[in-house]
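Engineer: The structure's right below; bear with me while I get my questions together.
The numbers here are math on the coordinates, done by the rules we state, and not lab data. Remember, it's a predicted structure, so these values are computed and weren't measured experimentally. Neighbour counts are summed over all protein chains in view; Cβ atoms, including those assigned to glycine, are modelled from backbone coordinates with ideal geometry.
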Ligand SMILES: Nc1nc2c(c(=O)[nH]1)N[C@H]1C(S)=C(S)[C@@H](COP(=O)(O)O)O[C@H]1N2
Ligand SMILES: [Mo]
């Protein structure tokens, strides 16, 4: 529980490393319990993206939020203003760290994600196993599938 599970860096005033205990200590007003209320097929508790951004203080140059999952080399980069109020960082399930089978230890979720590859804020940007959130000046690394064929190949893994 003292292991760093997420780093937030890039175009920020104050980079931040977070452990499970750090997430659990975030004030109740910023906690989002039971994400299945808005994503029926996903489970767990999280915190608002906004509460984490308030701590790192994005620089004016930061225009994209780039999500990195080094576990499987998956990346998504989405416009910061569009995702600011919609992002949830899921870290816990039933009082324990979010299991890998649920996309843990950290999973990003967009409250009202669009269908896959129909929008920048799509279901494909709900990155599992996120270990780094990088604020970038312009679009950063992004290898989300572009079409149905690529998408099926990814889901076949
Ligand atoms: N790390 C990682 N996150 C990922 C993916 C992936 O392959 N690796 N697939 C994305 C895609 S294309 C979709 S549609 C959703 C699927 O989420 P689910 O497994 O909860 O249904 O996760 C997204 N997050
Ligand atoms: Mo997807």
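Engineer: Would you calculate, for the chain, the mean residue ellipticity at 222 nm contributed by helices, counting each DSSP H stretch of 4 or more residues as -39,500 (n - 2.57) and dividing by all residues, to the nearest 500?
Structural biologist: Calculated from helices alone, the mean residue ellipticity at 222 nm is -3500 deg cm²/dmol.
Engineer: Compute the FRET efficiency between residue 24 and residue 151 as 1/(1 + (r/R0)^6), taking r as their Cβ-Cβ distance and R0 = 30 Å, and round to the nearest 0.05.
Structural biologist: Once rounded, the FRET efficiency stands at 0.30.
Engineer: So, one more: How far is it, in nm, from the label point at residue 17 to the one at residue 86 when both lie 7 Å from their Cα along the line to the Cβ?
Structural biologist: 3.2 nm
Engineer: What is the distance, in nm, between label points placed 7 Å from the Cα along the Cα-to-Cβ direction at residue 50 and at residue 71?
Structural biologist: Going from the residue 50 label point to the residue 71 one covers 2.8 nm.
Engineer: Quick one: if you stick a label point 7 Å off each Cα along the C-beta vector at residue 4 and residue 34, how many nm between them?
Structural biologist: Once both label points are built, they end up 3.5 nm from each other.
Engineer: Here is a further query. Below 8 Å between Cα atoms, with a sequence gap of 6+, how large is the relative contact order for segment 92-157 in percent?
Structural biologist: Averaging sequence separation for qualifying contacts and normalising by length gives 24 percent for segment 92-157.
Engineer: Using alpha-carbon pairs under 8 Å, 6+ residues apart, how would you state the relative contact order of segment 54-112 in percent?
Structural biologist: Taking the mean separation of contacting Cα pairs over the length of segment 54-112, I get 24 percent.
Engineer: Here's a follow-up. Taking 0.36 nm per residue of separation and subtracting the Cα-Cα distance, what length does fully extending residue 114 through residue 96 add?
Structural biologist: That pair, residue 114 and residue 96, stretches by 3.6 nm at full extension.
Engineer: Using only alpha carbon pairs under 8 Å that are at least six residues apart, calculate the relative contact order of segment 1-141 and give it in whole percent.
Structural biologist: Answer for segment 1-141 is 29 percent.
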